[in-house]
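Comments concern the structure below.
The values are calculated or read from the model by the stated rules, or taken from the named source; none is laboratory data. Just so it is clear, the structure is predicted and the values come from calculations on it, not from any experiment. All Cβ positions, glycine included, derive from the backbone under ideal geometry; neighbour counts span all protein chains shown.
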Amino acid sequence: MLFARIYLPLALGYFISYFFRNANAIIEQSLVRELGLSASSLGLLTSAYFISFAAFQLPLGLLLDRYGTRRTESTLLVFAALGAIVFASSDALVGLVIGRLFIGLGVSACLMGAFKAYLVWFPSERLPLINGLQMVAGGLGALSATTPLQFALGHTDWRGIFVILGIVTLAAAAFLFTVHPEKPQTLQKSGTLREQLEGLGSIFLSRALWKIAPFTVLTQATQLAVLGLWAKPWLRDVAGLEPEVAANILFWMMVSMTTGFLTLGVVAERITSTGWVSPMTLGVGLMTVFVAVQLPIVLEWTAMPLLLLVLYSFFSSSGILPFSALPQQFPKHLAGRVITLLNVMVFSGAFAIQWGIGMIIDLWPTTASGNYSPLGYQAAFGVLLLLQGLGLAWYLLSARILPQNELR
C-alpha cells in the first residue's frame, strides 16, 4: 500500500509529462492547417516546452530540497493544467507558445521529483528497479501520444484533447498532493545558496563535464526533437505514409524506446560490473551506434521505415547512460547538481534543435501537395548527423585539448 501511494501519483505525473512532450507530433498537421504555421513556427511552438523545462531545472533542485516532492510537483502541475487550457483556447502562435511554456514549466519536476522521492523512501539496492518503473510510466505516456491520440482525433479536435489534458493534469496534481506521503525530516537545506552555486560552478568548469557534454547533448537533444515532433512529418513527407500508418510506426518507436530504457541499463550494469569497460565508454559506444543508424535516414532509405525508426528509437535511449556515469566522476554531494546541469544542457539543446529543424526545412518551398520538401528534411537531419559526429570527435580528442587539471 505504501509503495502504491509513493509510486502511482509520481508515475501518473510522468505519464502526463511525456504525453504533453510528444502530442504535437500527432496534432501538427491540424495545427498547420488551422493556423497556417510554417515549419519554423511549428518547431518554435513545440520546442517552447523544452526551454521553460530547462530554465526551471536549477531552481527546481532548490525547491525539492526545501519543500519536497509532494508540494513542489503538485503545485507545478497546476501550471501545466493552466498551460493546456491556454493552448486549447489560443488562435495565434503567441498564445500557443505561452501555453506550451506553461506546460514545460508545469511538468519540469515530474522526473527529478520522482527520483528524489524514491531516494528518500527506498533502499539504494531497489532504486534501479524503481527508477526503471518510472521511465516505463513515461514510455506509456509517449505510447499514448501516438495511435491512441490519432484515434481520439477522430472523435474530437486538438482543442478538445488539450481541454481534457488540462482537467486530467489538475486531477493528477490533487491526487499527488493528497495521496503521496513525505518524510518531514528530509526537507532540509543542503547548504546555503552561495555554496550550492559554487558547487555548480565547479562542475561547469570541470574537464569531466566538457569531455562528454557535447556528444551527450547533441544525441539526446536530437532524439527529443525528432521523436517529439519531426518523426511523423518525415514519415508523411519523405516516406509517403498516411497519418494513421505514421502514427502506428510512432507507436512502435515508443515501444522500442521504452524497451531500450529498460534493457540497455541492465546490460550496461552487467557489462561494466565485469570491469572490461567503463560505464562512460560503453555509453559512448552505444550512442555511436545511434549516430550510425541516422545515416540511412539522411540518405532517405525509406523501403523499411518501421525497422529503421525502431532501431533509431532503441539506440536513442543510450543517451541516458552518461547520466549515471558522469556523476561517478565527482564527489557524491555534487551528484544531483551534475545530473541537473547536464539535463539543462540537453533540454536547451532540444529547444534549439527542434526549432532549428523547422527553420532549415523552411528554406525549401513546400511541394504541390502542400507538404514540406524532402530536401529540407535531408539537409536538417544531415546537419544534425554532422554535429553529432563532431561531438563524438570532440570526446575522442578532448584529452589533448582540455586542460588536465580538473576542478571539482
Exercise for the section: Answer yes or no: is there a residue in region 294-305 that is in contact with a Gly (Cβ under 7 Å, 6 or more places away or on another chain) and closer than 15 Å to THR222 by Cβ. Expected result: yes
Practice task
Would you be able to say whether some residue in region 19-40 is more than 29 Å from ALA247 (Cα to Cα) and either of a type outside the set (Phe, Trp, Tyr) or under 15 Å from the mean Cα position of the chain (by Cα) (or both)?
Solution key: no
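Condition check ((1) surrounded by 19 or more Cβ atoms within 10 Å (Cβ to Cβ); (2) in the same structural domain as GLY36 (by TED's automatic domain parsing); (3) part of a helix (DSSP H, G or I)) across all residues:
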residue: ILE103; (1), (2), (3): yes, yes, yes
residue: CYS110; (1), (2), (3): yes, yes, no
residue: LYS116; (1), (2), (3): yes, yes, yes
residue: LEU127; (1), (2), (3): no, yes, yes
residue: GLY139; (1), (2), (3): yes, yes, yes
residue: GLY160; (1), (2), (3): no, yes, yes
residue: PHE177; (1), (2), (3): no, yes, yes
Handout entry: Cross-chain or 6+ apart pairs with Cβ under 8 Å, region 294-308 first and among the acidic types (Asp, Glu), then part of a loop (DSSP other than H, G, I, E, B)
Key = GLU300/VAL238
Practice task
Check off (1) out of contact with any Leu (no Cβ under 7 Å at 6 or more places or on another chain); (2) under 30 Å from GLU195 (Cβ atoms); (3) modelled with pLDDT of 95 or more; (4) of a type outside the set (Lys, Arg) for GLY349 and give me the number that stays unchecked.
Solution key: (1)
Practice task
Kindly indicate whether any position in region 282-294 is assigned to a helix (DSSP H, G or I) and within 18 Å of GLY139 (Cα to Cα).
Solution key: no
